[in-house]
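Here the structure is laid out as structure tokens; the discussion comes afterwards.
What follows is calculated from the coordinates using simple rules that are stated; it is not laboratory data. All of these numbers come straight from a predicted model, not from anything done at the bench. Neighbour counts run over all protein chains shown; Cβ positions are idealised from the backbone, glycine included.
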Amino acid sequence: MAPIYSRIIATGSALPERAVSNADLEKIVDTSDEWIRTRTGIRQRHIAADGETTGDLAFLAAQRALEAAGVKASELDLIVLGTTTPDIIFPSTACLVQQRLGANGCAAFDVNAACSGFMYALGIADKFIKSGQSKKVLVIGAETLTRMVDWNERETCVLFGDGAGAVVLEASGEPGIYATCMHADGGYKELLWNPVGVSVGFRDEPNHGVRIKMAGREVFKVAVKTLDSLVDETLEAVGMHESDIDWLIPHQANLRIIEATAKRLQMPMDRVIVTVDQHANTSSGSVPLALDYAVRSGKVQRGQNLLLEAFGGGFTWASALLRY
Ligand code: UT7
């Protein structure tokens, strides 16, 4: 039997209207534009308005992707949404978005893999298509991470932003996603986490104790090392070499991490999509936002090979190598 591939037929994204610069943050915490730019590459981030949710951003990104694909919501047979900041505890944000799109009836679920959420969702969707179960799938990565940031803590609050990206996948005889890799190691859970919740309980603290805690330097070190081996593993899985990759579309957490991965791939930075300066770290939103920017700006062309990767809380890490 001829192999079935998942092809990305279109992309979409959405950002909250309000952009907050590093200079704006200087007014609320003891930080500087210079520190943020040199340590992270971030210049600004978008922050959701009061009442604007992950589902709102996901819905907009999905609408734009479906419109670009020329696919009706009713044609979808699966929606997978990566997020760690769902609108409500349940139903899943995927279900909320499904109803707003008018795709009622297809399977829909969320995936929580922190910053690797979209890459996990893409890998899962790819398996559904490869198995013959699904023909048209909407994959979304969406977050309002600034809702769980402590605005008094300069170590974390300058790093994150809100946003969403989406892709429409279709079953095809032509490549397509060649391979996806997914990993996790819960042994690192305390280096990057938000340790309150329904079952553990919330705290009698501002925002019920909901806030991101990160040991930045340690996360940085493991991220660089892990992404190096992830890149090797992904190339090996497909039997490709560094020189076969046209574009690296990495998780946008820190420009220095991105540069380290590019170096490992021997790729000049003009073949790496960088949006961290504009969006900061949008967790599950980061890779699909960068991909949509790359497609709509005309950088990424049909037939090119893209390497997508992400690393985040868990730790989780995941990648996809595909022909666009
Ligand atoms: O998406 C999930 C994965 N997450 C990541 O990949 C994030 C990984 N980590 C990082 O990106 C970096 O570690 C950070 C950007 C978080 C921090 O950069 P760093 O170069 O590792 O800095 P550091 O944590 O070692 O802190 C250096 C100094 C400290 O001061 P002292 O101890 O040297 O006096 C911090 O207190 O910078 C200070 N600092 C700040 N100064 C101004 C920390 N945050 C700030 C700030 N403004 N916002």
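To the nearest Å, what is the center-to-center distance of the range 108-136 and the range 78-92, using C-alpha atoms only?
Here the two parts' Cα centres lie 13 Å apart.
Give the cross-link partners of residue 221 among the lysines, using a straight C-alpha distance below 17 Å as the criterion and excluding same-chain residues fewer than 8 apart.
189, 213, 263
Per residue, what volume in Å³ does the Cα convex hull of the chain take up?
Hull volume normalised by residue count: 128 Å³.
How long is the range 163-298 along each principal axis, judged by its Cα atoms, biggest number first, in Å?
53, 31, 29
Using +1 at the C-beta of Lys and Arg and -1 at the C-beta of Asp and Glu, which of 76, 104, 145 has the Cα lying farthest in the positive direction of the dipole of the range 5-174?
In the range 5-174, that residue is 76.
Roughly how many debye, to the nearest 20, is the charge dipole of the range 83-238 about its Cα centre, given +1 on each Lys and Arg Cβ, -1 on each Asp and Glu Cβ, and no other charges?
Approximately 280 debye in magnitude.
Taking N as the number of residues in the range 176-245, what is its Cα Rg relative to 2.2 N^0.38 Å? Mind dumping the intermediate values first?
Working: Rg = 17.7 Å, N = 70, 2.2 N^0.38 = 11.1 Å.
Ratio of Rg to 2.2 N^0.38 Å for the range 176-245: 1.60.
In the chain, with Lys and Arg counted as +1 and Asp and Glu as -1 at Cβ, which of these residues, 118, 231, 306, has the Cα nearest the positive end of the dipole, that is, farthest along it?
Of the candidates, 306 comes out farthest on the positive side.
On the principal axes of its Cα set, how long, how wide and how thick is the range 5-174? Give whole Å, largest value first.
The principal-axis extents, from largest down, are 53, 32, 25 Å.
By how many nm would the segment from residue 155 to residue 229 lengthen if fully extended, with 0.36 nm per residue of separation less the alpha-carbon distance?
Additional length available on full extension: 23.9 nm.
Determine by what factor the alpha-carbon radius of gyration of the range 245-324 differs from 2.2 N^0.38 Å, reporting the quotient.
1.00
For the range 1-65 and the range 137-182, what is the centre-to-centre distance using only Cα atoms, to the nearest Å?
So the separation of the two Cα centres works out to 9 Å.
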